[in-house]
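These notes concern the structure reproduced below.
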Amino acid sequence: MTTLGDSFLTAWQLVADADAKLAGIVWLSLTVSLSATLVACVIGMPVGALLAVGRFPGRRLLVVLFNGLMGLPPVVVGLLVYLLLSRAGPLGSFGLLFSPTAMVIAQAVLVTPIVAALTRQVIADEWTEYREQLRSLGASRARAAATLLWDGRFSLSTAALAGFGRAIAEVGAVMIVGGNIDGVTRVMTTTIALETSKGDLPLALALGFVLIAVVLAINAFAYALRGWAERRWG
């Protein structure tokens, strides 16, 4: 059997046996990325909704800014967060650098513009359809934004999934602020990069399999949830 074949076989064995090291890396990856996505949704969805229904000076500039930040380079985010959290930075006294918390912050900074921009588009479509009805009920723009967020909650799952996909697949920012410390801040993507460079293909392949499976499973769940909601509430 070829070396490549041996690597694939060993990788599948690691996944099948639920290897402790593999499981720890996967758990940390999910914890960090889901936490970052949650923070991004809590911040980005209200901001996106207000950008959709609001009318205030600088609104168009903010829309362009959030759209542009969807392509924010991860290494730049990692550098900025590193400078903020380093000992010489304004938040250095908290000692967050090279910790999972720092990784959550970096990923949240990356994901928030994506969630906000996609939310703005979804709510803008809803606002066009229900604007007159909401106005006739005397709803303020803030109340209208909150109502449309609730009404479009299943459609907004796309925004959350896009954010999670960006977070779970990210390498540069978490490597800079997390330090890729074994057993502490080593997540799936950074481990794949490290193990591949070391020539340890089985662990890298196993994590690659799990990473793809996680992304597909979460997207399948969201798709099923949205289909169920459409059947339930029409």
Inset, instruction - Look through A173, A213, A167 and report the one residue that is of a type outside the set (D, E, K, R) and surrounded by fewer than 18 Cβ atoms within 10 Å (Cβ to Cβ). - result: A213
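Residues are listed down the side, and each one gets a yes or a no for (1) surrounded by fewer than 19 Cβ atoms within 10 Å (Cβ to Cβ); (2) farther than 18 Å from R166 by Cα; (3) aromatic (F, W, Y):
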| position | (1), (2), (3) |
| --- | --- |
| G5 | yes, yes, no |
| A16 | yes, yes, no |
| L34 | yes, no, no |
| C41 | no, no, no |
Inset, instruction - Keeping to the range 79-104, report how many residues are farther than 16 Å from I168 by Cβ, of a type outside the set (F, W, Y) and in contact (Cβ under 8 Å) with a residue 24 or more places away in the chain. - result: 7
Inset, instruction - Filter the range 66-123 down to the residues that are in contact with a Gly (Cβ under 6 Å, 6 or more places away or on another chain) and of a type in the set (S, T, Y), then identify the one that is farthest from G163 (Cα to Cα). - result: S86
Inset, instruction - Considering only the range 72-128, state which residues are part of a loop (DSSP other than H, G, I, E, B) and either aliphatic (A, V, I, L, M) or surrounded by 23 or more Cβ atoms within 10 Å (Cβ to Cβ) (or both). - result: L72, A88, L91, L96, L97
Legend entry - Verdict on L148 being in a helix (DSSP H, G or I) and surrounded by fewer than 23 Cβ atoms within 10 Å (Cβ to Cβ): no
Inset, instruction - Find the residue count for the range 186-208, including only residues that are in a helix (DSSP H, G or I) and more than 19 Å from the chain's Cα centre (by Cα). - result: 12
Legend entry - Those residues of the range 145-176 which are polar (S, T, N, Q) and more than 17 Å from the chain's Cα centre (by Cα), in sequence order: T147
Inset, instruction - Restrict the check to the range 91-110 and report whether at least one residue is among the hydrophobic types (A, V, I, L, M, F, W, C) and at pLDDT below 90. - result: no
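The values are calculated or read from the model by the stated rules, or taken from the named source; none is laboratory data. Just so it is clear, the model here is predicted, and its values are computed rather than measured. Cβ sites come from the backbone with ideal geometry, for glycine too, and all protein chains shown count toward neighbours.
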